[in-house]
Structure formats: C-alpha cells, structure tokens
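Data block below; observations after.
The values are calculated or read from the model by the stated rules, or taken from the named source; none is laboratory data. Because the structure is predicted, anything quoted here is derived from the model rather than measured. Using ideal geometry, Cβ is built from the backbone for each residue, glycine included, and neighbour counts are taken over all protein chains shown.
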Amino acid sequence: MDHITTLIITLYIVTILLIITVLNLIQNRKKKRIKQQLEKLEYEKNVIDSIPIIPELSKVETFLKNEKLEIAYNEWKDRLENIKNSQIPRITDMLIEADYSLSQMDYKTTMYKIAKLEMELYKVKANSDFLLNEIKEITESEERNRDIITKLKVTYRELYQTFQTSKLEYGEFADVVTLQFENIAKRFEEFEDIMEKNEYTEVGPIITAIDEMLKHMKVVIEEVPSIVLLATNILPNKMRDVWSQFQKMMEQNYPLDYLNVEYNLEEANKKIEDILDRCRDLNLEESLFELKVLLDYFENVFNDFDKEKMDRNKYEETNQAFETKLTKINQLLSEIFSSLDELKNIYNLSKDDITLLNNIREELNSLNEDYKVLLSHTSNNTFAYSKLTKEVESLVVRLSSIEDKLDMSLNTIGNMKEDEVRARQQLEEVKAILKDAKNQIRDYNLPVIPKSYFTELKEAQAAVKEIVKELNKKPITIETLNTRVDTARDLVLKLYGRTKEMMKTAMFAEMAIVYGNRYRSTGDEVDKNLTYSEVLFYKGEYQKSLELTINSLNRIEPGLYNKLLEFYGNENR
C-alpha cells in the first residue's frame, strides 16, 4: 500500500510540474511574440525619425528670396519640430509603457497599448511623409518643371510649325491663332521669370495654364482649317445648289413644302454665322460637328430631290395606266347598265347577278370620287409624290378588285349568250340529223316501219320543238334551255342510230333471202324456212328474218354469215 501511495504522489507531482512547465512555455511564447511586435514598432519609429526632412528643408534655405516661400519654410520648420520634439518622444514613451506592461505579464494592457501605438505611428508617419512631399515640391520643382516645360515647348513648336505651313487655310482666323500663340509664348516667359525669382509656389498654375492652352491650340490647329473650308466654301456652295435646285423644281410644280427648305437654309446661315463668331474667339466647341451635320442634311436634301423626281415619274406612269383602265371600266359598266333592261328581257338574270352589278357600280363610284380627291391633291402640290404614289397604288388595288368582280359578272352574262348561241347551233344540227334519218327511211323503201320507231320519232320531234319553244321565250332561262338541248340531242341521236341499225338489218336480211333462194331446191326445210323469213321480213321483223335465214343456210354452207358480212361490207364501200 505504501508503495502505491508513493507512486500516486509521485505521479501527481510530475503532472503538476508538467502543467507548470507547459504554462511557462506558453507564456514565454506569447511574451516573445509581443516582444517582437514592440521591436517592430520601435523599428518603424526609428524609420520615421530618419526620414530626410531636415536635409530637404536645408535646401529650401537657399531659395528664400520671396516672402511666400519664407512663410512656407517657417511653417514646415514648425511642423518638423513638432514631429521631432513632441510626436516621436510620445511614441517613445508609449513603447516604454508597453514594454513595462509586458514585463509585468499584463498581456491585455500591453495589447491595448500596442494598438494605440500603431495608430500613433501611422499618424506621425503620414504627417512626416506629407511634410517631406511638400518640401520636395519646392526642392525638386526646378528640375521637374524644367522637364515638363521642355516637353510643352516641343509641342508648341510643332503646333506653330503646322500653323505656319498651312496658314492660308485659316483664312480670317489666322491673326487670332497667331495672337493665341503669342499668348502662350508670354506664358513661357512668365515661367522663366518665376523660376529666375525662385517663386516655385507660382510655377504650378503657370504650367497648368500652358498645358491647357496647348491642348486647346491642338484642337484649333486640327479643326479651324476644316471649319473655314466648310463654313466659307463647301456649305455655302452646297446651299446655293440646294436653293437653285429647289427653285427649279418648284417652278416644275413639285410639292416640296414638306422639306421646309427655305426655313432650313435661313437657320443654317444663322448657325454658320454663330460658328464663325465663336471661332473668332477660338471657341470651337461642337463647331465642326455642327457643320458636318449641316452638310449631311443638305446632302440628304439632294437625295430627297432625286427621290421626289423618281416618285413623280413612278406616280405619273402608275396614274396614267390607272386612269386608262378606270376610263375603260367606267365605259364598260355604263354600257352594261344601259343595256341591263334588254339583258333582263333576254335572259333570266338572278337577283345575285343584279346585286353583284349594283355593288360593282357603287364601288366604282366611290373609287371615282377618291380619284378626284387624289387629282385635287396633285394639282394643289399639297403632298409629296411618294405619298401620292402610295395613294394611287391603293386605288390600283381597289380597281383590280372591281375588275375581277366585273369579269365574274360578265362571264356569267357571256356564258348565257354563248349557251344561247350554242343552243341555236345544236338545234340546227339536231334538225339536220333528224332530217337525215327521215331521208334514209324514205330512200330505202322498207316494207314496214315498226310502231316503236314512230314513237321514238315523235319523241325526238317533240324534244326539238321544246328547244324552239324555249328559245322563243323572253327572258330565256339558260338552265332550262340547256336541259332541253341535251334531251333533244340524246333522243335524235338515239333515233338516228336506230334508223341506221334498222336499215342495215333490213338490207342484210333481204340480201340473205335473195342469196338463199339458190338453195330452195335442196330440201323442203330450207324452202320452208326461207319462205317464213320472207313473211317475217314483210312484217317488219327484220332481225328475226335475218337470224332464221342465216341459221338455215349455215347448215348447207358453213361460214355463210361471214361471207355475207364481207359481201355487205364491200357493197357499202
């Protein structure tokens, strides 16, 4: 038990010692880190303290030849003394206090003091840097300003040389530009005088003024020749051409009021005078741009003139074609309505046909009125030809629609006339066919004509009479007439076919009997059949007679039917 107790106590003591050791190590590391921060801040303080303000300030003493510089020098000196004797010692004290807090291991207080110290260091460094830069503005001004002024003089000489080379292009403004160059030269002289007197505080504004004047002069050199050329030559000539062309076209009755040419020419002259007035003061702001806008405008006016000429030609061509077609349709519709009563008497026109014609007349009257308005606008020179062309094109579209409707109506009436003419022609044709059928019956003296044939003949003749009756009606109903014609034609053609077939069969039957007479003596049956065939023939039953004869003779002379057909065919030919 004693051994275990001793072991526990030993472990406890070792643990305590380890904890203490670890804590000490942590504290030492933290202290070391804070110590390094303080050393860094002290280094920064020393850097600030070593800023070369005193050497630069001593250089200023050699330039103390005017009151302004002397006042600035005394101010800088006071500020330097404040930094050296007040601000930096305060930083030193703050470093000592922070180091003391660190030695007491008061880390929280130490970190607070370090934060304040960093802020103070930043403020003192900013004051020192700003002071040094102010002093250097003077100590380094001569070299720096000389370099700047040298470059500005190069620019000046280049601009002046450019001006002298093309001086004639500046016109009346050459003297103003020369005077401005003289003003810039005086500024260079002022710079030299200030530098001679070591008045370095006055150098900055002079250099700035020279730089701005040269920048402005560069714009002057680049733009004034163009302004002079545009304002005194190109634009006036262009405006004269526009005015001349405008007057000629107005004399030719072109509607150009919408272009406001006179007003715009007047305003353009005012604008040019204003630009020239400002140019005399070398105030070129937006001048070149405004002149180019005017030039573009007058170029576009010429384009408008050309477009108006083209539109006029197009309008006149379209209008002439429209007027010709309109006159033609007006005359045609007038003729139609003048003979409408006659057409109604001749043909059974439907209500839709009459309504269509009335609607066409109303649309045409409206179109005629609108066309009169268009012609009045044309004669008054109220609207541009581009607009007139659009108007007449819209009238053309409307006229085309009316023309289509009128064609539809005329087609209906024309078809009626054609149907009537065709019906009369077909009536003559049907009569001729019917007459031919009768003649054939008369020419071939048949012993008997079947009653059914006379029935068909009466039907055909009645149908022909119906055509004549329909043609004599006033007004004619075309639909009924066409039906009558079709019926009559079908019946007559059917009769004609029946006639030819009956005659052919009768002729064939007669020939077969005549041919068969040679075989009567060959047997009683043949003689009996031929006799009965004759009886059938004279009764008008030609088909039965033919069939009986052929069947009887075919037994005696096979192939007789074909022989008779060939013979009959040769006879017909």
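Based on what the data block shows, is Tyr156 surrounded by 11 or more Cβ atoms within 10 Å (Cβ to Cβ), in contact (Cβ under 8 Å) with a residue 40 or more places away in the chain and touching a Pro at 6+ places or on another chain (Cβ under 7 Å)? Spelling it out, it is not the case that Tyr156 is surrounded by 11 or more Cβ atoms within 10 Å (Cβ to Cβ), in contact (Cβ under 8 Å) with a residue 40 or more places away in the chain and touching a Pro at 6+ places or on another chain (Cβ under 7 Å).
Being in a helix (DSSP H, G or I), in contact with an Asp or Glu (Cβ under 8 Å, 6 or more places away or on another chain) and at pLDDT below 75 is a property that Thr389 lacks. Whether any residue in the stretch 165-182 is within 30 Å of Cys279 (Cβ to Cβ), small (Gly, Ala, Ser), in contact (Cβ under 8 Å) with a residue 40 or more places away in the chain and assigned to a helix (DSSP H, G or I) is what I want to check. Among the residues of the stretch 165-182, at least one is within 30 Å of Cys279 (Cβ to Cβ), small (Gly, Ala, Ser), in contact (Cβ under 8 Å) with a residue 40 or more places away in the chain and assigned to a helix (DSSP H, G or I), which makes the answer yes. Restricting the stretch 319-377 to residues that are among the basic types (Lys, Arg) and surrounded by 13 or more Cβ atoms within 10 Å (Cβ to Cβ) leaves a set whose member that is modelled with the highest pLDDT is Lys325. Applying the set (1) in contact with a helix residue (DSSP H, G or I) (Cβ under 9 Å, 6 or more places away or on another chain); (2) under 26 Å from Tyr385 (Cβ atoms); (3) without any contact (Cβ under 8 Å) to a residue 40 or more places away in the chain to Phe298 leaves exactly one unmet item: (3).
Kindly establish whether Glu61 is of a type in the set (Asp, Glu) and at pLDDT below 80. When the stated conditions are applied, Glu61 passes them.
Residue pairs whose Cβ atoms lie under 7 Å apart, separated by 6 or more positions or on different chains, with the first residue in the stretch 504-532 and under 16 Å from Leu446 (Cβ atoms) and the second charged (D, E, K, R), are Ile513/Glu534. Across the stretch 193-204, not a single residue is classified as closer than 29 Å to Arg278 by Cα and either under 43 Å from the mean Cα position of the chain (by Cα) or of a type outside the set (A, V, I, L, M, F, W, C) (or both).
Here Val430, Val421, Val468 are screened, and the one residue that is of a type outside the set (Gly, Ala, Ser) and at pLDDT 75 or above is Val430.
Answer with yes or no whether Leu291 is crowded, with 16+ Cβ neighbours inside 10 Å and modelled with pLDDT of 85 or more. Yes; evaluated as a whole, the condition is true for this residue. Candidates Phe289, Phe246, Phe302, Phe322: the one that is assigned by TED's automatic domain parsing to the domain that holds Thr389 and not polar (S, T, N, Q) is Phe322. Scanning the stretch 541-560 for residues that are surrounded by fewer than 17 Cβ atoms within 10 Å (Cβ to Cβ), in a helix (DSSP H, G or I) and not charged (D, E, K, R) yields Gln543, Asn551, Asn554, Ile556.
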